[in-house]
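Undergrad: Here it is: the structure, laid out below.
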Amino acid sequence: QEPGSKQGGGYYGFDGKSLKKAFLKSPLEFSRISSGFSMRRHPILNQWRQHKGVDFAAPTGTPIRASGDGVLDFAGTQNGYGNFIVIKHWNNYSTAYGHMSRLAPGMRKGAKVSQGDVIGYVGSTGWATGPHLHYEFRVKDVALDPMSVDIPNAQPMTTAQLQQFRRVTGNIMHRFALMRPQQSPIKLASAE
């Protein structure tokens, strides 16, 4: 990270690949999964429907964290989801968070968030029968099971960032090479 830069830093191998996972497996501390990603009888409508996310049971007020870096695409109230946030991430990934008791301060469409930022608090708004977080992981707006999806590493560097990274790491690798003890050929004494 450049001094004075407003962008966050990261952890990368010498090959330039990120060592950080792009998404948290769970966006909060939860007591149990109350409903998984599957067909189920809807607890309020009493009809069989696809449940397109995972419900994490947790006490009202438990902080909910952004599972990855991104920009809020929606923040407000939406039908059965109650207080709801959708975060757009890189490469067509998005995550959605529903039934919050309230949104965290500053959470509005267009706001930037980093992985781990508190975005809201567990509640039971919308069509909820008890306090929990409804969490969805979407690729190209298609919901996938967040508990079984192969979590990618963080967004790769841009070409310009990678070129600068390689210049810096090349210099560091050269210094490491200079610090290694030089092996000199061993001369054996002759008895003659």
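The values are calculated or read from the model by the stated rules, or taken from the named source; none is laboratory data. Here the structure is a predicted model, which is why all the values come from computation and not from measurement. Cβ placement follows ideal geometry from the backbone for every residue including glycine, while neighbour counts extend to all protein chains displayed. These accessible areas exclude ligands, DNA and RNA; they are computed on the full protein's heavy atoms, side chains included. Shrake-Rupley method; radii C 1.70, N 1.55, O 1.52, S 1.80 Å.
Undergrad: Read through the list (1) over 19 Å from Ala22 (Cα atoms); (2) open to solvent by 70 Å² or more (accessible area, probe 1.4 Å); (3) of a type in the set (S, T, N, Q), then give the number of the only condition that Thr125 fails.
TA: (2)
Undergrad: Which numbered condition in (1) at pLDDT 95 or above; (2) within 17 Å of Asp69 (Cα to Cα); (3) in a loop (DSSP other than H, G, I, E, B) is the only one that Pro105 fails?
TA: (2)
Undergrad: Shifting gears a bit: Name, by its number, the condition in (1) in contact (Cβ under 8 Å) with a residue 40 or more places away in the chain; (2) closer than 18 Å to Phe30 by Cβ; (3) in contact with a Leu (Cβ under 8 Å, 6 or more places away or on another chain); (4) in a strand (DSSP E or B) that does not hold for Glu136.
TA: (3)
Undergrad: Looking only at the range 97-120, count how many residues are farther than 16 Å from Gln78 by Cα and over 17 Å from the mean Cα position of the chain (by Cα).
TA: 4
Undergrad: For Gly120, which of the numbered conditions (1) open to solvent by 10 Å² or more (accessible area, probe 1.4 Å); (2) touching a Lys or Arg at 6+ places or on another chain (Cβ under 9 Å) fails to hold?
TA: Among (1) open to solvent by 10 Å² or more (accessible area, probe 1.4 Å); (2) touching a Lys or Arg at 6+ places or on another chain (Cβ under 9 Å), Gly120 violates only (1).
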